[in-house]
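K.L.:
Sharing a structure with you now.
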Ligand SMILES: [Zn+2]
Ligand SMILES: [Zn+2]
């Protein structure tokens, strides 16, 4: 199941942003399923000499039933050479010749009755599986029962496979339960069916039963069961399975290794995943993709890219999931040049599932600040999914291009090829909000409420509307809106209103909202700062002191600020008061110099943006050490005059740095684009596309 996407553009946490990035890349159902459930199966099918979709069970047969091995291989070969309608052709006279004519074969079976030998059952059942022929398969099964035929274990298993392929898991389970004798293959077939259909607890349950019956699991059982170890308790279970794997000596087996790695990566335990990865006896596209996407999902983008480049040098194959993960990582870093290279690669290698990749490309280009390129990819698509539209709409929205958002949405509704979903409407609402089209936004929300778009409004939609009302200065309305919401308002929603109160200097509502927020998230330093600023504008110094005092007691600054610029395909990362960059001394000088120069043109440092309770001189020094200022200064230093500078920040940009960038852009005639975790700021000649509201 694809979980609901969080697209909180108000004040999302970093992990929410990451999860959004991740989903954007994999939302295509095909891509997602493939990625989520059967990564290792993909590899498995690849390993089986590119046969058309072999099932797990067939593969299991191959390895574990020597008797069946030759049969499987000859069938596979026959399938390779024969036209698709002729499936098998066992030439022995005592077996039934089906020759692809299931109906006739069944007739013959009925005539010959109990005389028929069991080899005929296998051929028939195989054909029923292949054709998903329910009735016919049931007749074969019935014939076995009627003739009191006692099937060998592998034939029972074939019945299980038949029912699971048809989707009748209950019948499959009944067959398993009736079996007088079961082997690892029969257990695994059923477990795998549960797992693939998303019945994780049934799969785990059966796995336990299997262990209790003292059947030893094999590598396919482990790989299957590890794939079901997801979700909240998944990691704990996965760890237990891991110890079983070690006990049974399957740790270095490639399918098991890949599944272990995938399990750890999905649980966010990337170090464990990396350890498994490094110990794999051989690496293939499956394991490589799992580890790369593991990094990308966690937002450890540099590592993802580095690993990708390393593995490519080692000659690793890539598939569309690999590329999609890499593009996600690149959008996280806003590494445009790398992104272009991957785009070139995808084009040259004609990677299949191109729609999924094109969606990732749109996302990558717009997150890298190149919305024109994103649109070019969008326009070139012969087929678009709702994800393509959403990626493009979100892209415009984050750039504050409200008009383009509404135009594109109109095109979408006019075309009627793809119906909008909740994300679409959220993207349009948020685009209206960020693009200064409050009226259109409010009108759209009314349409949503009236059910005109076939989508129920959710918390995020309400959040957007509150943001819009706040922007338009309708603070009382926004406040009432929050109170009338059918949801419990989140800190992000209150935070957006508090921000609006600051911009419009509304102390009455601001005070109310501020104290609510201090209760809800006492650790968030930003709230204290805004509230104390509000008090300061009203001259309520006693309150200012109180709030500052509270902040010192309770607030923690969780995530350190980090900004980066890309120059000549190298990413330069700066931390607040950086201690790592080789040219940091020069950079600090440059920031100081810039600050002096723009002060002459009216720049006044906003000391309230320094969270520490120190004297003003110290505060100014802290402000000058903000990572985005360092990255901006470095960008100016290291690039030719007139070249736009693009800075990316992991957190929300502070008011002071925003102001700083505006002055710099004007004085040095440079276009500055700043991507913070909420949106893009394009600053040209001292004016920002956000209208100083973000
Ligand atoms: Zn700052
Ligand atoms: Zn801005």
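Each reported figure results from applying straightforward, stated rules to the coordinates on display, with no laboratory input. None of these values were measured; they are calculated from a predicted model. Neighbour counts run over all protein chains shown; Cβ positions are idealised from the backbone, glycine included.
K.L.:
Tell me, what is the FRET efficiency for residue 353 and residue 279 to the nearest 0.05, using R0 = 35 angstrom and their Cβ-Cβ distance as r? Please list the in-between numbers first.
P.N.:
Numbers: r = 30 Å, r/R0 = 0.86.
Computed FRET efficiency for residue 353 and residue 279 comes out at 0.70.
K.L.:
Report Rg (one decimal) and Dmax (nearest whole number) for the stretch 469-588, counting Cα atoms only, units Å.
P.N.:
In order Rg, Dmax, the Cα atoms of the stretch 469-588 give 18.3, 54 Å.
K.L.:
Just to be sure I understand: if I project the alpha-carbon convex hull of the stretch 216-322 onto a plane and average over all orientations, what area do I get in nm²? Write down the numbers at each step before the final one.
P.N.:
Values: hull surface 25.3 nm².
Average projection, Cα convex hull of the stretch 216-322: 6.3 nm².
K.L.:
Taking only the alpha-carbon atoms of the stretch 100-246, what semi-axes of the equivalent ellipsoid follow from 5 times the gyration tensor eigenvalues under a square root, in whole Å, largest first?
P.N.:
Gyration-tensor ellipsoid for the stretch 100-246: 33, 15, 11 Å.
K.L.:
Mind checking the full-extension length gain between residue 413 and residue 585? Use 0.36 nm per residue of separation minus the Cα-Cα distance, one decimal, nm.
P.N.:
Result for the pair: 56.5 nm of gain on full extension.
K.L.:
Sorted from largest down, give the three principal axis spans of the alpha carbons of the stretch 452-539, whole angstrom values.
P.N.:
For the stretch 452-539, the Cα spread along each principal axis is 48, 27, 17 Å.
K.L.:
Going by Cα centres, the stretch 453-503 and the stretch 247-268 are how many Å apart?
P.N.:
About 45 Å separates the Cα centre of the stretch 453-503 from the one of the stretch 247-268.
K.L.:
Ratio of Rg to Rh for the stretch 162-273, alpha carbon only, Kirkwood? Kindly include the intermediate steps, with their values, before the conclusion.
P.N.:
On the way: Rg = 13.8 Å, Rh = 14.2 Å.
Across the stretch 162-273, the Cα-based Rg/Rh ratio is 0.97.
K.L.:
Next up: With only alpha-carbon pairs counted, each pair once and no self-pairs, how large is the Kirkwood hydrodynamic radius of the stretch 311-416 in angstroms?
P.N.:
14.1
K.L.:
Highest first, please rank the peptides 423-435, 389-401, 229-241 by the mean number of other Cβ atoms sitting within 10 Å of their residues.
P.N.:
Highest mean packing first, the order is 423-435, 389-401, 229-241.
K.L.:
I've got another one for you. Return, for the Cα atoms of the stretch 415-473, the radius of gyration and Dmax in Å, separated by a comma.
P.N.:
Cα-based Rg and Dmax for the stretch 415-473 come out at 11.0, 38 Å.
K.L.:
How much of the pair distance distribution for the stretch 252-315 lies past 20 Å, counting alpha-carbon pairs only, in percent?
P.N.:
Above the 20 Å cut-off, the stretch 252-315 has 15 percent of its Cα pairs.
K.L.:
Could I ask something else about it? In a solvent-free Debye calculation with one equal scatterer on each Cα, what is log10 I(q)/I(0) for the stretch 573-646 at q = 0.16, 0.28 Å⁻¹, listed in the order of the q values?
P.N.:
So the normalised log intensities are -0.59, -1.35.
K.L.:
Over the stretch 589-694, what lengths in whole Å, largest first, do the semi-axes of the equivalent ellipsoid take, defined as the square roots of 5 times the eigenvalues of the alpha-carbon gyration tensor?
P.N.:
Taking √(5λ) for each eigenvalue gives 20, 16, 13 Å, largest first.
K.L.:
Determine how many Å³ per residue the convex hull of the Cα atoms of the stretch 310-369 encloses. Walk me through the intermediate numbers first.
P.N.:
Numbers: hull volume 4.3 nm³, N = 60.
Dividing the Cα hull volume of the stretch 310-369 by its residue count gives 72 Å³.
K.L.:
Determine, for each peptide in 150-162, 267-279, 480-492, the mean count of other beta carbons within 10 angstrom over its residues, then list the peptides with the highest first.
P.N.:
Top to bottom by mean Cβ count within 10 Å: 150-162, 267-279, 480-492.
K.L.:
Now for a different question. Would you mind putting 289-302, 636-649 in packing order, based on average other-beta-carbon counts within 10 Å, highest first?
P.N.:
Highest mean packing first, the order is 289-302, 636-649.
K.L.:
OK, next. Taking just the alpha-carbon atoms of the stretch 628-678, what radius of gyration and Dmax come out, in angstrom?
P.N.:
When restricted to the Cα atoms of the stretch 628-678, Rg and Dmax are 10.2, 29 Å.
K.L.:
Follow-up question, since we're still on this one. So what are the three principal axis dimensions of the stretch 376-437 from its Cα atoms, in whole Å, longest to shortest?
P.N.:
31, 22, 17
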